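Read-outs throughout are calculated quantities, based only on the coordinates presented, and are distinct from any laboratory measurement. Quantities reported herein were computed from a predicted structural model and do not represent experimental measurements. Positions of Cβ are generated from backbone atoms using ideal geometry, with glycine treated the same way; all protein chains shown enter the neighbour counts.
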Ligand SMILES: [Zn+2]
Ligand SMILES: [Zn+2]
């Protein structure tokens with residue numbers, strides 16, 4: 001089975017310097033890069049970060065000819081309320097295979113900023129409140145996408161316990177899941193969140209919640225910013241889903257989901 005990681009970045013993303021050669025060295029038949037589209041990005045002085053998709057289209061042709069690799073065209077859309085028209089205008093110029101939807105910032109600070117990186121950050125409660133509200137707006141208004149990534153992004157840098165998050169956000173996260181189910185947007189298990197930011201307990205709470213609401217579309221994404229993180233911990237993510245009786249994940253191409261059996265996949 002030609003399974004591929006649906007969340008990867010290269011130097012076309014503002015926060016990655018990874019070369020395509022390092023991904024090609026993995027010897028894959030098919031891959032996708034989901035570069036950051038983040039407008040008014042406070043991490044970059046409020047500039048628009050728009051990936052060079054023309055370059056990605058050139059890579060598609062070159063990789064097919066030189067390496068016999070199918071490169072799918074992906075994007076990770078960072079959403080801030082009020083940006084819909086500008087985002088949709090940029091997105092409409094290309095035929096994407098996979099569009100990821102994220103919330104990274106609110107124009108003033110990134111939700112992973114701390115006092116050390118941005119003096120404008122607020123209290124943990126205010127940041128998490130805003131993040132969750134914004135994610136709900138995102139999945140309500142920016143629905144021409146396939147995957148909601150790292151639902152826990154706005155919790156990553158805070159010390160809040162699972163109990164606190166459950167108490168404060170179960171209602172809103174439930175609404176978020178209801179929206180993605182309604183719009184057939186998949187729920188991503190994000191390796192970076194689970195492995196690097198140790199948010200496994202958040203996923204162990206969220207997976208059964210999503211399932212209880214009727215959710216069926218899961219995806220695996222490493223969020224690699226280095227080729228060495230390609231498919232990071234996918235075997236653990238597979239086992240995690242199987243603990244909840246899930247044995248299918250969605251694989252996207254031309255914005256269409258194909259369901260793939262986890263039991264037929266082997267990850268190292
Ligand atoms: Zn992201
Ligand atoms: Zn990403």
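A few comments on the model shown:
- Residues of segment 140-162 classified as away from ligand 1 (no atom under 14 Å from the Cβ) and under 13 Å from the mean Cα position of the chain (by Cα), total: 1
- When 48, 129, 52 are checked against the criterion of being more than 19 Å from residue 255 (Cα to Cα), in contact with a strand residue (DSSP E or B) (Cβ under 7 Å, 6 or more places away or on another chain) and away from ligand 2 (no atom under 15 Å from the Cβ), 48 stands alone in meeting it.
- Residue 133 vs. criteria under 19 Å from the mean Cα position of the chain (by Cα) and crowded, with 18+ Cβ neighbours inside 10 Å: no
- Residues of segment 5-16 satisfying the condition of being in contact (Cβ under 8 Å) with a residue 60 or more places away in the chain and surrounded by fewer than 22 Cβ atoms within 10 Å (Cβ to Cβ): 13, 15, 16
- Hey, residue 15 touching a helix residue (DSSP H, G or I) at 6+ places or on another chain (Cβ under 9 Å) and either away from ligand 1 (no atom under 16 Å from the Cβ) or in a loop (DSSP other than H, G, I, E, B) (or both) or not: yes
- Complete set of residues in segment 91-111 that are surrounded by 18 or more Cβ atoms within 10 Å (Cβ to Cβ) and under 23 Å from residue 136 (Cβ atoms): 98, 99, 100, 101, 102, 103, 104, 105, 106, 109, 110, 111
- Here segment 62-79 is the region considered, the condition is being within 16 Å of ligand 2 (Cβ to nearest atom) and either without any contact (Cβ under 8 Å) to a residue 60 or more places away in the chain or over 23 Å from residue 109 (Cβ atoms) (or both), and the residue that is surrounded by the most Cβ atoms within 10 Å (Cβ to Cβ) is 75.
- Number of residues in segment 24-61 that are in a helix (DSSP H, G or I), more than 16 Å from ligand 1 (Cβ to nearest atom) and surrounded by 13 or more Cβ atoms within 10 Å (Cβ to Cβ) equals 7.
- Helices (runs of 4 or more DSSP H) within segment 111-218 that include 1 or more residues more than 29 Å from residue 4 (Cβ to Cβ) and in contact (Cβ under 8 Å) with a residue 40 or more places away in the chain: 124-141, 162-182
- Counting the residues of segment 179-193 that are buried (at least 17 other Cβ atoms within 10 Å of the Cβ) and away from ligand 2 (no atom under 14 Å from the Cβ) gives 6.
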